[in-house]
1. Between rounded, prolate and oblate, where does the range 307-363 land on the alpha carbon gyration tensor, with a ≥ b ≥ c its root eigenvalues, rounded for a/c under 1.5, else prolate if a/b exceeds b/c?
2. What order do you get for 47-57, 304-314 when each peptide is scored by the mean count of other beta carbon atoms within 10 Å, highest first?
3. Quick one: with all protein chains in place, what share of the accessible area of the chain is carbon or sulfur, to the nearest percent (1.4 Å probe)?
4. Can you quote the Å³ per residue value for the convex hull of the Cα atoms in the chain, rounded to an integer?
5. Return the FRET efficiency for the residue pair Ala302, Glu176: r is the Cβ-Cβ distance, R0 is 35 Å, and the value is rounded to the nearest 0.05.
6. Each residue of the range 203-208 in turn: what ³J(HN,Hα) in whole Hz from Karplus with 6.51, -1.76, 1.60 and θ = phi - 60°, glycine and Pro shown as x?
7. Using θ = phi - 60° and the Karplus form 6.51 cos²θ - 1.76 cosθ + 1.60, what ³J(HN,Hα) does each residue of the range 99-115 get, whole Hz, x for Gly and Pro?
8. For the range 80-96, take each phi angle, set θ = phi - 60°, evaluate the Karplus expression 6.51 cos²θ - 1.76 cosθ + 1.60, and give the result in whole Hz per residue in order, putting x for glycine and proline.
Amino acid sequence: MSAGRPLAFLAVSCCAAVQTNYNYDESKVKPYTLPDALTLLNGQPVRDAATWNEWRRPEILHLFETYQYGRTPAGPCSVRVETVSTEPGALGGLAIRKQIVLHFSSDPAGPKANLLLYVPASHRGPAPVFLGLNFNGNQSVAADPGIRLNEVWTRQTRQTADAGTRGNQAQQWQVEKILGRGYALATIYYGDIEPDFDGGIGYGVRPLFFRAGQTAPAADDWGAIGAWAWGLSRAVDYLEKDPVIDAQKIAVMGHSRLGKTALWAGAQDARFAIVISNESGEGGASLSRRNYGEDLRHLNTAFPHWFCANYRRYIGHEPLLPMDSHMLLALIAPRPLYVASAEEDRGSDPRGEFLAAVNAGPVYALLGKHGIGTDQMPGLHQPVGDAVAYHIRAGQHDVTAYDWDRYLDFADRQFGRQP
Ligand code: GCU
């Protein structure tokens, strides 16, 4: 297949030299003060749920739109849904496999997303579902020969996925485990929404929303993470209409940059009943004011297309940000939120992720929910929390069976299901 629709104005490459001399010394973490999630910009305290919902929450959402992720345009975008296949008996009889295409443009060469949906074959009635974007194409999620080989991006070139990559991310998805616990799994390849490189914008959904005469994003227009989050909401639009799915029980899960994406999707769209951030790090769950691990300089230099241009103004000036990640997490309240870290993933600053979850607690409390319940970081493999949960496991930056076991337990608890 062709390499898509190159747009000359976007042909920028991302070869900037990138600084990675992060601080990993806890004794060199400078003191910082977090903005108070429960104080309005005019200095007034937020003492009740109504003031939170009507004033403070919109204020905080606006801060993240203006200074970090950029604004997600509100329509118009009519999505055409094409159900390509519905196959019972997938995965040795464990699942019904549905493959759907969401067409975002009337132009046949325009962007479209391939949604793969597994529903537990044994399920009676609509199933709760985990939804997540995947990094390597739907075929990578399970070694299932029935998954269509769609196009994927390799080093800025689009080509049909290689059959040899079937199931090469199965460890991160644990499809049988999820289905065995009675949950459906829905996933889309994130490159379908926008390929992940500086200049990838020309192949994704963002230009569909350019204003007349616009050729590049404004300083507060959405970045790629905003576009990926938008794609998750379009998947929800579909799931809400599919009777095999319980649309009140949609959990969004994302790892790393897609964990940042899951948080931003959950902050904007209350249809995500549970939000799970797996090692989302800087620009996601971890506190920017804590100078440990990745910083804004690295994030915005290595990945200039992820956020809005305004975010770059805070490189080296993180304490001047009018918000921090605890406020992003608070936007998800009172819905259940899980933040997870890995011991060796120091770049994501596990403690900064934990402290953001702790500091979202007062907003959960205001809304009648129990947060993490401690400000002491737990040891390895000791999950803590209630409506806000946290764990840190041994090992590297990854999604593992251990993580999925915790997310499934959490979803069972929050959805009132028997394990
Ligand atoms: C890089 C980046 C992180 C990001 C990660 C990922 O390491 O610096 O911010 O979370 O990629 O998405 O894997």
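The values are calculated or read from the model by the stated rules, or taken from the named source; none is laboratory data. Only a predicted model underlies this, so the values are computations on that prediction, with no experimental measurement involved. Note: ideal-geometry Cβ built from the backbone for every residue, glycine included; neighbour counts use all protein chains shown. These accessible areas exclude ligands, DNA and RNA; they are computed on the full protein's heavy atoms, side chains included. Shrake-Rupley method; radii C 1.70, N 1.55, O 1.52, S 1.80 Å.
1. oblate
2. Top to bottom by mean Cβ count within 10 Å: 304-314, 47-57.
3. Looking at the chain in its full context, I get 51 percent from C and S.
4. Roughly 142 Å³ of hull volume per residue.
5. 0.50
6. For the range 203-208, the Karplus curve yields 9, x, 7, 4, x, 4 Hz.
7. 3J(HN,Hα) across the range 99-115, in whole Hz: 10, 10, 10, 9, 8, 8, 9, 6, 6, x, 8, x, x, 8, 10, 8, 9.
8. 9, 9, 10, 8, 7, 7, 9, 10, x, x, 6, 6, x, x, 6, 9, 8
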